[in-house]
Structure formats: C-alpha cells, structure tokens
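For reference, the structure discussed in these notes is given below.
The values are calculated or read from the model by the stated rules, or taken from the named source; none is laboratory data. This one's a predicted model, so the numbers in the text were calculated from it and none came from an experiment. Cβ atoms come from the backbone with ideal geometry, glycine included; neighbour counts cover every protein chain shown.
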Amino acid sequence: MSDRVYNFSAGPSMLPLEVLQRAGAEITNYQGSGMSVMEMSHRSKVFLKIFEDTQARFRRLFQVPDNYKILFLQGGASGQFSMVPLNLIGRTGKADYAVTGNFSNIAYKEAQKYGQISLAASSADKNHTYIPTQDQLKLDPEASYFYYCANNTIYGTEWPYVPETNGVPIVCDM
C-alpha cells in the first residue's frame with residue numbers, strides 16, 4: 001500500500017493494515033456484543049473478559065510473576081510522575097532517582113514536591129548520552145523506591161541492565 005505512511009516516532013506507530021481493518025469492523029459491534037468497547041460498562045461481562053485477557057497476555061508476554069499487580073492507568077507520563085511518589089514515598093519519605101533524559105528529569109522534579117528526593121545518578125554532564133553503571137549509582141538503603149526511565153527516546157539511550165537496589169523497590173518507566 002503506497003498510501004500508508006511509516007511512522008517511527010517515539011509515541012504511536014504504524015499498525016498492520018489487518019489490525020486496523022479488524023478494529024474498524026469491531027468499532028460498532030465488538031465480537032457480536034452489539035456495542036462498541038467505548039460504550040460498554042466497565043463492569044460488564046464482555047468488558048471484564050477483555051480486561052482479564054489483556055492482563056493475562058501482558059503477564060505472559062512480560063513474564064510478570066503472580067505476586068505483582070498490573071495496573072492500567074490513565075493520565076500519561078505526567079500523571080505517573082505524581083502518582084509514583086504520592087503512592088510509594090510514604091514508608092520513609094525518601095526516594096532515589098536516576099536522571100538520564102528528559103522524562104526522568106521531569107519525574108525527578110515532580111517527585112521533589114512530595115518528599116526527600118536524592119539524585120542517585122545523572123547523565124546530564126554529557127547531555128544524557130550515556131547510562132550510568134551500577135557502580136555509579138548512589139543508592140540509599142532507606143529509600144522507599146528507586147526510579148529510572150529505561151528508554152530515553154529523545155537522547156537515544158537505553159538502560160542495558162536492571163539496577164540492583166538490594167531490596168529497595170524499583171519503579172521503571174518503560
């Protein structure tokens with residue numbers, strides 16, 4: 001299809017035509033339910049099946065253990081930057097952040113409104129062109145959590161490892 005546009009942006013990307021055609025066909029009548037998903041009650045059997053199937057697929061695809069919860073939240077990145085400290089900082093009032101790009105910097109600044117936020121590492125000295133090594137992380141064992149953004153699309157960097165925090169919970173913006 002020569003009229004299809006290739007989109008390599010950091011946000012939404014090109015979808016296979018078959019996916020778009022199926023979504024288009026089901027937009028007014030999802031799997032014979034007589035309703036669009038947008039019209040369904042979030043408590044209906046049809047919607048709950050969609051929700052449960054999505055969680056199961058996500059858990060299987062990303063190998064999420066059963067002792068972890070999967071949350072589907074609205075608000076985008078900006079909302080998440082507030083939700084994380086508001087929900088997790090309570091244990092000690094402290095958190096560690098690695099600032100390795102634009103989004104982690106925004107998250108770091110937002111978190112400072114809610115507690116004692118330490119800069120565990122930063123790559124700002126070289127315009128976020130590298131990821132700090134494990135040895136460069138200054139982690140507080142008393143922190144309620146450690147935050148990092150795994151994929152810095154603006155700067156083209158990605159964490160090649162999951163940081164070891166010695167039991168401090170990790171929040172990873174993926």
(message) Anything in the range 85-107 that is modelled with pLDDT under 95 and crowded, with 17+ Cβ neighbours inside 10 Å? List them, or say none.
(response) 103
(request) Return the only residue of 148, 130 being at pLDDT 95 or above, within 16 Å of residue 101 (Cα to Cα) and outside any loop (DSSP other than H, G, I, E, B). (result) 148
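Might you let me know whether the range 54-68 holds any residue that is in a loop (DSSP other than H, G, I, E, B) and aliphatic (A, V, I, L, M)?
Initial filter on the range 54-68 (in a loop (DSSP other than H, G, I, E, B)): 62-68.
From the residues that got through so far, the ones that are aliphatic (A, V, I, L, M) too are 64.
Checking the range 54-68: at least one residue is in a loop (DSSP other than H, G, I, E, B) and aliphatic (A, V, I, L, M).
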(request) Would you please name the residue that is farthest from the chain's Cα centre (by Cα), looking only at residues in the range 35-53 that are part of a loop (DSSP other than H, G, I, E, B) and surrounded by fewer than 10 Cβ atoms within 10 Å (Cβ to Cβ)? (result) 43
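One line per residue, one yes/no per condition, for (1) within 23 Å of the chain's Cα centre (by Cα); (2) among the hydroxyl-bearing types (Ser, Thr, Tyr); (3) surrounded by 10 or more Cβ atoms within 10 Å (Cβ to Cβ); (4) over 28 Å from residue 150 (Cα atoms):
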site	(1), (2), (3), (4)
9	yes, yes, no, no
24	no, no, no, yes
30	no, yes, yes, yes
55	yes, no, yes, no
59	yes, no, yes, no
75	yes, no, yes, no
80	yes, no, yes, no
